[in-house]
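The values are calculated or read from the model by the stated rules, or taken from the named source; none is laboratory data. From a predicted model like this one, the values you see are computed outputs, not experimental measurements. Here the Cβ is made from the backbone with ideal geometry for all residues, glycine too, and neighbour counts use every protein chain on show. Surface accessibility is based on the protein's heavy atoms, side chains included, excluding ligands, DNA and RNA. Shrake-Rupley method; radii C 1.70, N 1.55, O 1.52, S 1.80 Å.
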Amino acid sequence: MITAAQLRAARALLGIDQKKLAELSGVSLPTIQRMEASDGNVRGVIETLTKVVEALTEAGVELIGENARSEGGGRGVRMRRPGPPHSTT
């Protein structure tokens, strides 16, 4: 399963916008927007989710599941656990 935060982070790592991800994955832009706006795990048609994950993988992103090890090389970012809310003051 992929989370909306992972999806946004993956795009940021690649330096692409939602439109480019839609093109790479063959999924509509509104679908990408809806996926990224969801809370927690992205829900949707398995085929659509698979297309997006495959496009990100092909572009060089390794999506790491909860408590999974990363066997790949290279740099990355991973959430350890939710932190405290950020203060704006």
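At-a-glance table
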| quantity | calculated |
| --- | --- |
| Pairs with Cβ under 6 Å, 6+ apart, first in the range 46-65 and among the charged types (D, E, K, R), second at pLDDT 95 or above and part of a loop (DSSP other than H, G, I, E, B) | LYS51/GLY26; LYS51/VAL27 |
| Whichever residue in the range 1-54 is among the acidic types (Asp, Glu) and more than 13 Å from the chain's Cα centre (by Cα) and, among such residues, is surrounded by the fewest Cβ atoms within 10 Å (Cβ to Cβ) | GLU47 |
| Conditions (1) modelled with pLDDT under 90; (2) open to solvent by less than 50 Å² (accessible area, probe 1.4 Å); number of the one not met by PRO85 | (2) |
| Residue tally, condition in a loop (DSSP other than H, G, I, E, B), among the hydrophobic types (A, V, I, L, M, F, W, C) and under 22 Å from GLU66 (Cβ atoms), over the range 5-44 | 1 |
